[in-house]
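Chemist: Take a look at this one; I'll ask things after.
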Amino acid sequence: MTLEERKKLFCESWKQFKQNLKLLKTSIERIKNLDKLDEIQRGEAIEAFLSRYSRTVDLLINRVLRGLDILEMEDTSKKLDIVIRAEKRGFIKDFNVLIEMKDLRNELAHEYVQERLEARIEEALQYSLEIFIIAEKIEKYLKENRYC
């Protein structure tokens with residue numbers, strides 16, 4: 001695969017990630033007003049937020065960070081190396097935070113009790129804010145390297 005082909009694939013993933021960030025932001029705004037929603041609306045808002053959080057984490061790690069490694073011809077066989085390189089590139093202070101985000105995403109995917117899901121909202125909100133910071137740093141990196 002040529003550099004141009006790798007860039008094109010990566011930029012598509014980046015575009016998809018950024019679109020998902022917009023949806024996540026919308027869900028965050030809805031979550032801030034849960035007390036104004038009825039029970040059904042509340043459940044839907046929580047479900048949408050946690051689903052968008054999970055999708056955003058997947059896109060960040062599996063498409064954006066992994067795609068950046070592919071673009072820069074790094075070995076992508078180990079997911080741990082992918083998140084470690086995110087730290088080395090300055091996207092995050094501690095790669096373990098990315099692992100924690102992914103762990104929460106996995107827990108949410110296998111939780112079916114509404115009360116337990118609601119208990120994790122604050123944690124997902126904090127990680128979501130971190131994702132927006134990471135996205136800004138990646139955006140700067142991409143511009144500096146003229147990738148997208």
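Chemist: Would you pick out the residues in segment 4-14 that are free of Cβ contacts under 8 Å to residues at least 40 places away in the same chain and surrounded by 11 or more Cβ atoms within 10 Å (Cβ to Cβ)?
Modeler: Lys8, Glu12
Chemist: Next question. All but one of (1) exposed (fewer than 14 other Cβ atoms within 10 Å of the Cβ); (2) aliphatic (A, V, I, L, M); (3) under 30 Å from Ala45 (Cα atoms) hold for Leu117, so report the exception by its number.
Modeler: With respect to (1) exposed (fewer than 14 other Cβ atoms within 10 Å of the Cβ); (2) aliphatic (A, V, I, L, M); (3) under 30 Å from Ala45 (Cα atoms), Leu117 is out only on (1).
Chemist: Moving on to the next point. Specify the residue that is surrounded by the fewest Cβ atoms within 10 Å (Cβ to Cβ); the eligible residues are those in segment 25-51 that are aliphatic (A, V, I, L, M) and closer than 16 Å to Ile131 by Cα. Steps first, answer last, please.
Modeler: Initial filter on segment 25-51 (aliphatic (A, V, I, L, M)): 28, 31, 34, 37, 40, 45-46, 48, 50.
Next cut, closer than 16 Å to Ile131 by Cα only: 28, 50.
On the way: Ile28: 17, Leu50: 22.
That would be Ile28.
Chemist: Mind listing just one residue for me: the one in segment 37-57 that is among the acidic types (Asp, Glu) and in a helix (DSSP H, G or I) and, of those, farthest from Asn106 (Cα to Cα)?
Modeler: Within segment 37-57, the match that is farthest from Asn106 (Cα to Cα) is Glu39.
Chemist: Since Glu47 meets every condition but one in (1) farther than 23 Å from Tyr147 by Cα; (2) of a type in the set (Asp, Glu); (3) at pLDDT 95 or above, which condition does it not meet?
Modeler: With (1) farther than 23 Å from Tyr147 by Cα; (2) of a type in the set (Asp, Glu); (3) at pLDDT 95 or above applied to Glu47, the lone miss is (3).
Chemist: Condition (residue is outside any helix (DSSP H, G or I) and closer than 21 Å to Lys32 by Cβ) applied to segment 109-130: is it met by at least one residue?
Modeler: Quick first cut of segment 109-130, residues outside any helix (DSSP H, G or I) only: 110-113, 120.
Next cut, closer than 21 Å to Lys32 by Cβ only: 120.
Yes, segment 109-130 contains a residue that is outside any helix (DSSP H, G or I) and closer than 21 Å to Lys32 by Cβ.
The values are calculated or read from the model by the stated rules, or taken from the named source; none is laboratory data. Everything numeric here is computed off the predicted structure, so don't read it as measured data. Quick reminder, even Gly has a Cβ in these numbers, built from the backbone with ideal geometry, and neighbours come from all protein chains shown.
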